[in-house]
Amino acid sequence: MTNSADVLVIGGGIIGLSCGYYLSKRGKRAFVLDKGGFADGASGACDDMILFQSKKPGINLELTFESLELYKSLLTEMEDDLGFANLGGMVLIENQQELEIMEEFVAQQRSYGLDVEVIDKREMLKKQPFLSDHIIASTYSKMDSQVDPFSVMRGFERKGALYGMKVFRRNGVVGIERLGTGDFQVATEDGNLYQAPIIVNAGGTWAGQIGTMVGANIPITPKRGQIIVTERVPPIGETNLWSAKYLVTKLRSDVVVDLNEDERTMGLSLAFSRSSGDTYLVGSTREFVGFDKNTTIGGIRAIINQTLKYLPKLRDINFIRAMAGLRPSTPDGKMLLGEHAGIEGFYTAAGHEGDGIALAPITGKLLASIVCQDQVDHRLDELSPNRFATD
Amino acid sequence: MQRILDHPILGPLPEEEKVVIMVDGEPVEARKGEMIAAALIAAGKPYFRKTVKRHEPRSIFCGIGRCTDCVMTVNGIPNVRTCVTAVEDGMVIETQLGSGDWGGKR
């Protein structure tokens, strides 16, 4: 059986569904082909953040602002609360060195328009009374927000269907060829063929493998993030939390940061957010272990030990499950968004690493705009997949 | 509800040391070693918690520590499964509303 569409989106995670949604809203007949079930990749095994504070001034921070605005309009478009919440966030500072680096970073972010500040211990404990005494200060931004990825994906799928979007699951792509007409023909595991003049590769961690089928170089490496989920508990402080340690290691490669064994070998650092289901999502590791997305006892134990170091009170509560997702990481920490030079009609929208939830709406909207050949947005030049093209 | 003082198979209820637990501020006498839920049912407490969204009353359901329907705030810790937690003298037990609170501190 052969199916024809205007656009074939490969990958049905939050990015692929967002692309499919915004394309179909623009009048394109879009098919989304996914190798797995609903939300069983990285989009369903992640935390739920629209996080500003982790972003260096630049394109990622700029797009996060736009994505937050889009999420607010999606609340109306999708007639759903999407688990949206705006609890604000704090980055926990443990020593003088971190304080100096974070003060500088916060100043940069402020000059870029982000509402963020460093607050002293007294202010910090007012917002988060259970924090360990060794934490000397923190940042605070009321901008940091969150959504429930499952609600967002269901929303894209439900509303996209009204515009003609179709999602085909458990139907992995096994081959792509170019027909004499110039159209692409995509073969899937169940033997079906799909044709369209345009392909959008939203394969996340697997985007490189899709790229290989058409000769595109897409250097995306899986980074495993393990997260544990607590039982439903009353609020622990007012905000979500992160540790400065991770940001400092990321921001300042020139500074030697004192890391423990888990932090060094598993890329462990604290991310602590209250989900829309009143549980807490606590992470996370950042491990390079290929495509293995199992959780490990070592990872779970490391997350628990680390969490108790920051929030000793949590000794009294239970965790109910653990999950791991493969974050699609790129060499320069930026996604790939745009058409591949020399492969007309082949676009990639992938490589968001830990920002997939935050940047999903803006990614889909911009991708649709590129495919529909709106006026060129030169801000996006630095996201072009051609920066990795080999000749 | 009353305790079964003479069970047809298990026989008469043996003597046991008494402890006192505080339930929503009121002292309640319990048998040493029994589960909180048993003591509360014996004392006639109608419900143990109210649900998060609709504030419906809940008490024990499975009674074996699986379903978490009977959770209460015990000594300031929310979500304690009362059907598998033994009473202790002076224990402070509170009816839990929704997912509870941390004893006024948050």
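The values are calculated or read from the model by the stated rules, or taken from the named source; none is laboratory data. Computed from a prediction, not measured in an experiment: that's the story for all the values here. Here the Cβ is made from the backbone with ideal geometry for all residues, glycine too, and neighbour counts use every protein chain on show. Areas reflect the complete protein model, heavy atoms only, side chains present, ligands, DNA and RNA absent. Shrake-Rupley method; radii C 1.70, N 1.55, O 1.52, S 1.80 Å.
Quick notes on this one:
- If only residues of the range A:317-335 that are of a type outside the set (A, V, I, L, M, F, W, C) and closer than 30 Å to B:Trp102 by Cα are counted, the one that is farthest from the other protein chains (Cβ to nearest Cβ) is A:Arg321.
- Filtered by the rule that a residue be in a helix (DSSP H, G or I) and surrounded by fewer than 22 Cβ atoms within 10 Å (Cβ to Cβ), the range A:354-382 gives A:Lys365, A:Ser369, A:Ile370, A:His378, A:Arg379, A:Leu380, A:Asp381, A:Glu382.
- Test set (1) within 13 Å of another protein chain (Cβ to nearest Cβ); (2) within 22 Å of A:Ser276 (Cα to Cα); (3) open to solvent by 70 Å² or more (accessible area, probe 1.4 Å) - B:Arg54 fails condition number: (1)
- Filter result for A:Glu79 (free of Cβ contacts under 8 Å to residues at least 40 places away in the same chain, open to solvent by 50 Å² or more (accessible area, probe 1.4 Å), on the phi > 0 side of the Ramachandran plot and not aliphatic (A, V, I, L, M)): yes
- The conditions of being of a type outside the set (Phe, Trp, Tyr), over 13 Å from A:Ile317 (Cα atoms) and at pLDDT below 95 are met by B:Thr68.
- Residues (touching a helix residue (DSSP H, G or I) at 6+ places or on another chain (Cβ under 9 Å), within 13 Å of another protein chain (Cβ to nearest Cβ) and not in a strand (DSSP E or B)) located in the range B:70-83: B:Gly76
- Residues satisfying the stated conditions in the range B:84-106, i.e. open to solvent by 30 Å² or more (accessible area, probe 1.4 Å) and within 9 Å of chain A (Cβ to nearest Cβ): B:Asp101, B:Lys105, B:Arg106
- Positions within the range A:82-138 being among the aromatic types (Phe, Trp, Tyr) and surrounded by fewer than 20 Cβ atoms within 10 Å (Cβ to Cβ), in sequence order: A:Tyr112, A:Phe130
- Check on B:Met22, surrounded by 12 or more Cβ atoms within 10 Å (Cβ to Cβ), within 14 Å of chain A (Cβ to nearest Cβ), of a type outside the set (Val, Ile, Thr) and in a strand (DSSP E or B): no
- Within the range A:209-247, being in a helix (DSSP H, G or I) and either buried (at least 23 other Cβ atoms within 10 Å of the Cβ) or within 14 Å of chain B (Cβ to nearest Cβ) (or both) holds for A:Ile210, A:Gly211, A:Ala244, A:Lys245.
- Any chance B:Arg49 is open to solvent by 50 Å² or more (accessible area, probe 1.4 Å) and either within 14 Å of chain A (Cβ to nearest Cβ) or closer than 22 Å to A:Leu314 by Cα (or both): no
- The set of residues from the range B:38-76 being of a type in the set (A, V, I, L, M, F, W, C) and closer than 15 Å to B:Leu97 by Cβ comprises B:Phe48, B:Val52, B:Cys70, B:Val71, B:Met72, B:Val74.
- Residue in the range A:101-115 that is more than 28 Å from A:Leu68 (Cα to Cα) and not basic (Lys, Arg) present: no
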